[in-house]
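The values are calculated or read from the model by the stated rules, or taken from the named source; none is laboratory data. Owing to the predicted nature of the structure, the values given are computational and were not obtained by experimental measurement. Every residue, glycine as well, gets a Cβ built from its backbone with ideal geometry; the counts of neighbours run over all protein chains shown. These accessible areas exclude ligands, DNA and RNA; they are computed on the full protein's heavy atoms, side chains included. Shrake-Rupley method; radii C 1.70, N 1.55, O 1.52, S 1.80 Å.
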Amino acid sequence: MSWFTQMLQKLISFPYLEEYWSSVVHPWWFRKLLVLLCSLIIGIYLAGCACSFWLYVYKKMNKDQETDSYSKIWEKPRRFIAHIVDTYGKIWHGFELTGTENLPKGPGIIIYHHAVAPLGYILFVARYFLERERMCYSLMHRFGHWMPGLQMFFYVIGLKFYKQAEIVQIMKKGHLLGISPGGAREAMYSHDYSFMWGKRTGFARAAMEAKVPIIPIFTQNNCETYRTIGKTRLTQWLYDKTRCMYLPIYGGFPVKLRTFIGEPIPYDPNITAVELAERVKTALENLRDKHQKRPGNILRALSERFDKHYKAD
């Protein structure tokens with residue numbers, strides 16, 4: 001390190017470079033920065049582990065009877081979790097849900113944009129469960145199976161990496177299932193509410209096989225709640241190659257969140273899965289363009305907490 005600073009001193013003739021390097025770019029600064037950026041994720045992870053442990057104890061107290069995820073034994077824990085999430089949404093984000101009349105009484109697939117933290121979708125699932133007493137299952141990235149300590153929590157709330165056959169089975173039982181085709185790539189690298197689906201049409205094939213409608217939903221200001229650091233072409237390329245590059249996250253801003261439920265796209269046997277996926281993407285883009293000002297702005301999203309004259313057309 002001293003050789004490096006001496007070389008730079010000779011190159012740019014800056015006598016205080018070594019002092020600057022020691023005081024400003026000291027390793028402790030990097031450590032503090034890493035702790036600050038990771039503390040949010042660590043806190044959420046520990047909270048999930050605590051909830052998972054509580055559910056495990058609840059299961060043991062009920063003598064492991066009727067442990068199937070569809071069993072009514074989990075109704076009380078789910079309602080308790082939903083109340084906590086919904087209360088958080090009301091207090092911290094002034095959460096509003098519009099267009100519930102577009103939700104089918106039977107099965108269907110929910111498609112949404114995946115922000116860094118898909119809070120809009122999470123709050124929608126909690127409110128939907130409390131108001132309709134119906135559970136909405138959710139598809140997650142296969143990486144979730146490698147996260148220790150959270151499996152019981154995921155199991156109870158219906159969060160899992162489902163295969164197409166399992167999705168069809170959920171539809172046959174009359175449930176809703178939420179899918180974000182963009183997934184982790186969209187969460188980490190989506191710029192300004194852009195959709196990064198690539199050529200993914202699996203959700204469309206599953207909907208056509210199950211013969212169920214697809215319901216697009218969009219949450220206003222969702223990308224202003226949490227943000228990532230390091231969105232570059234290089235980090236995106238690394239993620240595409242390794243599938244394990246996750247950027248530091250910051251945020252937790254109490255911005256206004258409004259989730260809009262679009263009109264369902266019915267089952268049509270006369271179109272292909274690619275055409276159905278494009279139709280769904282267009283419907284989501286229309287919801288976004290109608291309800292979201294772009295580019296996103298955290299201060300504007302915060303000020304909307306006090307906008308009492310907003311009307312969802």
Of all residues in the range 180-206 being touching a helix residue (DSSP H, G or I) at 6+ places or on another chain (Cβ under 7 Å) and over 28 Å from residue 232 (Cβ atoms), the one that is surrounded by the fewest Cβ atoms within 10 Å (Cβ to Cβ): 202
If I filter the range 129-153 down to residues being assigned to a helix (DSSP H, G or I) and free of Cβ contacts under 8 Å to residues at least 40 places away in the same chain, which single residue comes out as nearest to residue 103 (Cα to Cα)? 132
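Let me confirm something: among 115, 126, which residue is over 21 Å from residue 162 (Cβ atoms) and touching a helix residue (DSSP H, G or I) at 6+ places or on another chain (Cβ under 9 Å)? Quick ask: steps written out before the conclusion?
Details: 126 fails: over 21 Å from residue 162 (Cβ atoms).
Every option except 115 fails the conditions.
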Can you list residue pairs whose Cβ atoms sit under 6 Å apart, with the first residue in the range 67-90 being more than 26 Å from residue 117 (Cβ to Cβ) and the second being at pLDDT below 95 and open to solvent by 80 Å² or more (accessible area, probe 1.4 Å)? Count only pairs 6 or more apart in sequence or on different chains. 73/66
Has the range 255-277 got at least one residue that is out of contact with any Gly (no Cβ under 9 Å at 6 or more places or on another chain), touching a residue at least 12 places away in the same chain (Cβ under 8 Å) and within 26 Å of residue 146 (Cβ to Cβ)? no
Would you confirm, using the coordinates I've provided, whether residue 239 is more than 22 Å from residue 121 (Cα to Cα), of a type in the set (Phe, Trp, Tyr), open to solvent by less than 20 Å² (accessible area, probe 1.4 Å) and in contact with a Lys or Arg (Cβ under 9 Å, 6 or more places away or on another chain)? yes
What are the pairs with Cβ atoms under 7 angstrom where one residue, in the range 100-122, is more than 22 Å from residue 277 (Cβ to Cβ) and the other, located anywhere, is open to solvent by 30 Å² or more (accessible area, probe 1.4 Å) and among the β-branched types (Val, Ile, Thr)? Sequence gap at least six, or different chains. 122/85
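Within the range 63-112, track down each residue that is acidic (Asp, Glu) and not in a loop (DSSP other than H, G, I, E, B).
Pass one, the range 63-112, residues acidic (Asp, Glu): 64, 66, 68, 75, 86, 96, 101.
Within the range 63-112, 75, 86, 96, 101 qualify.
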